[in-house]
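Student: Got a structure here, written out as structure tokens. Questions coming.
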Amino acid sequence: MDFTPTEEQRAVADLAEAILGNGLDIERHRSVEAAGGWFDRDLWATLAEAGLLGIALGEDVGGAELDSVALALLLRAQGNHVAPLPLLPSSIAALVVDRHGSGDQRRRLLPGVADGSTVLTVAVQELLDDRLAEPTCSFLDGRLSGRKVVVEHLDAASALLVTATTPNGPRCVLVDADAAGMTTVEDTSTRRQPLFDVTFDGTPGDMLGRGGGDPAASKVLLDHLRLGICATQLGVTERALSMTAEYASNREQFGRPIATFQAVGQRLADQFVNVGGIRLATFSAAWRLAAGRDAAEDLLVAKWWASERATDVANATQHCHGGMGVAADYPLHRYTLWNKHLTTSLGAGTQTLRHLGDLLAAG
């Protein structure tokens, strides 16, 4: 394995960092939050103009045809700047449509994703049930029935990619966001993002792929969602830790910087190790996906680090900041809220460890 980014991958990371770093500050965050919708559309348009929204899509639909590592680097940059954008669900849904959709589905949806005019989202989580690979939502005779929770950016999406059980096994189903027979209830996540609880009652849908649908699509979707969550969490924890290191180096107590206190230094050293573990596990999984290898074990290991150890990072960075960490005009609190949201997405540490145990036992 060689996790050193290629020149193209590095260019993606640098460009994303430049755009997000220049486009977001405290005031911009506040204005987006006040407007509602948790979606910086101007920043989205800038990413589209730079060609970043389609980096993992085929060139024939306007993409750059890069791999999962490049996508992970893009999502890491989003986490670094806690950018309120539908980048994760839209990019992952588009990637799955690109690889497993029919020609018509690809032509209908993907050029719009690449140019920023179309947003996609995913619906894979079900209430009090973390068996993501065994959905209780059902798809029969072109109609979808069941319930999905924690659906992000439904208010901005043109279509949803939904996991459902069919007579032939789990499949992905494309559903128009304005389709009949769909009831939604809006709530709010820990990072102040609108989330939707969606009930399908005979909702018309289109199986992803030709004929009976592509049986590999649902696994590819779940694999890349886990990767995307871990990559975003990596960006969140990296920036929270660097912010804390800078603060501890400048904040003085008893006549010297608090970073020179042994307890503070040891606490932050532990978090340096934790962030390094998230980074290593995430890029190991990304490399395997990009190389076409089975990444199931690596993804669960990465998700455990991005849940359990990321929680340690949040606790330590908040603690070392003291009261400053929860100040509304200081950026750290947003990173802590994002950390909490990502920690529990697709199952927190305990659920992830259980899935990993099941995988190892089965092998």
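The values are calculated or read from the model by the stated rules, or taken from the named source; none is laboratory data. Please read all numbers here as calculations on a predicted model, not as lab measurements. Neighbour counts run over all protein chains shown; Cβ positions are idealised from the backbone, glycine included.
Student: Quick one: which of 39, 3 is at pLDDT below 95 and aromatic (Phe, Trp, Tyr)?
Tutor: None of the others qualify; the one that does is 3.
Student: Determine if the stretch 299-319 includes at least one residue that is outside any helix (DSSP H, G or I), of a type in the set (D, E, K, R) and closer than 28 Å to residue 356 by Cα.
Tutor: no
Student: Scan (1) modelled with pLDDT of 95 or more; (2) outside the structural domain of residue 279 (by TED's automatic domain parsing) for the single condition residue 212 breaks and write down its number.
Tutor: Here residue 212 clears every test but (1).
Student: May I pose another question? Which one is farthest from the chain's Cα centre (by Cα) among residues in the stretch 310-338 that are under 20 Å from residue 227 (Cβ atoms) and in contact (Cβ under 8 Å) with a residue 40 or more places away in the chain?
Tutor: Residues of the stretch 310-338 that are under 20 Å from residue 227 (Cβ atoms), as a first pass: 310-311, 313, 338.
Narrowing the set further to residues that are in contact (Cβ under 8 Å) with a residue 40 or more places away in the chain leaves 310, 313, 338.
Details: 310: 15, 313: 18, 338: 11 Å.
Among those residues, the one meeting the criterion is 313.
Student: Continuing with the same structure: Step by step: first the residues of the stretch 286-298, then only those that are of a type in the set (A, V, I, L, M, F, W, C) and part of a loop (DSSP other than H, G, I, E, B), then the one that is farthest from residue 223 (Cα to Cα). Which residue is that? Give the derivation first.
Tutor: Going through the stretch 286-298, the residues of a type in the set (A, V, I, L, M, F, W, C) turn out to be 286-287, 289-291, 295-296.
This time we only want the ones that are part of a loop (DSSP other than H, G, I, E, B), so: 291, 295.
Working: 291: 14, 295: 8 Å.
Looking at residues that are of a type in the set (A, V, I, L, M, F, W, C) and part of a loop (DSSP other than H, G, I, E, B), I get 291.
Student: Going through the stretch 311-363 one residue at a time, which ones are among the hydrophobic types (A, V, I, L, M, F, W, C) and surrounded by 15 or more Cβ atoms within 10 Å (Cβ to Cβ)? Walk me through it before giving the result.
Tutor: So in the stretch 311-363, the residues among the hydrophobic types (A, V, I, L, M, F, W, C) come out as 313-314, 316, 320, 324, 326-328, 332, 337-338, 342, 346, 348, 353, 356, 359-362.
Matches in the stretch 311-363: 313, 314, 316, 320, 332, 337, 338, 342, 346, 348, 353, 356.
Student: Further question: Could you list, ordered by first residue, the pairs with Cβ atoms under 6 Å in which the first is in the stretch 259-281 and free of Cβ contacts under 8 Å to residues at least 60 places away in the same chain and under 30 Å from residue 227 (Cβ atoms) and the second is assigned to a helix (DSSP H, G or I) and among the basic types (Lys, Arg), at least 6 apart or interchain?
Tutor: From residues that are free of Cβ contacts under 8 Å to residues at least 60 places away in the same chain and under 30 Å from residue 227 (Cβ atoms), the pairs are 274/309; 277/309.
Student: Going by the structure shown, is residue 143 more than 28 Å from residue 60 (Cβ to Cβ), in contact (Cβ under 8 Å) with a residue 24 or more places away in the chain and not assigned by TED's automatic domain parsing to the domain that holds residue 54?
Tutor: Details: more than 28 Å from residue 60 (Cβ to Cβ): yes; in contact (Cβ under 8 Å) with a residue 24 or more places away in the chain: yes; not assigned by TED's automatic domain parsing to the domain that holds residue 54: yes.
Answer is yes for this residue.
Student: Quick check on the stretch 9-46: of everything there that is out of contact with any helix residue (DSSP H, G or I) (no Cβ under 6 Å at 6 or more places or on another chain) and β-branched (Val, Ile, Thr), which residue is nearest to residue 114 (Cα to Cα)? Walk me through how you get there before you give the answer.
Tutor: Within the stretch 9-46, the subset out of contact with any helix residue (DSSP H, G or I) (no Cβ under 6 Å at 6 or more places or on another chain) is 10-11, 14-15, 18, 21-22, 25-39, 41-42, 44-45.
Remaining after also requiring β-branched (Val, Ile, Thr): 26, 32.
Working: 26: 28, 32: 23 Å.
Ranking the qualifying residues of the stretch 9-46, first place goes to 32.
Student: Go through (1) closer than 25 Å to residue 150 by Cα; (2) surrounded by 20 or more Cβ atoms within 10 Å (Cβ to Cβ); (3) touching a residue at least 60 places away in the same chain (Cβ under 8 Å); (4) within 17 Å of the chain's Cα centre (by Cα) and name the single condition residue 219 misses.
Tutor: (2)
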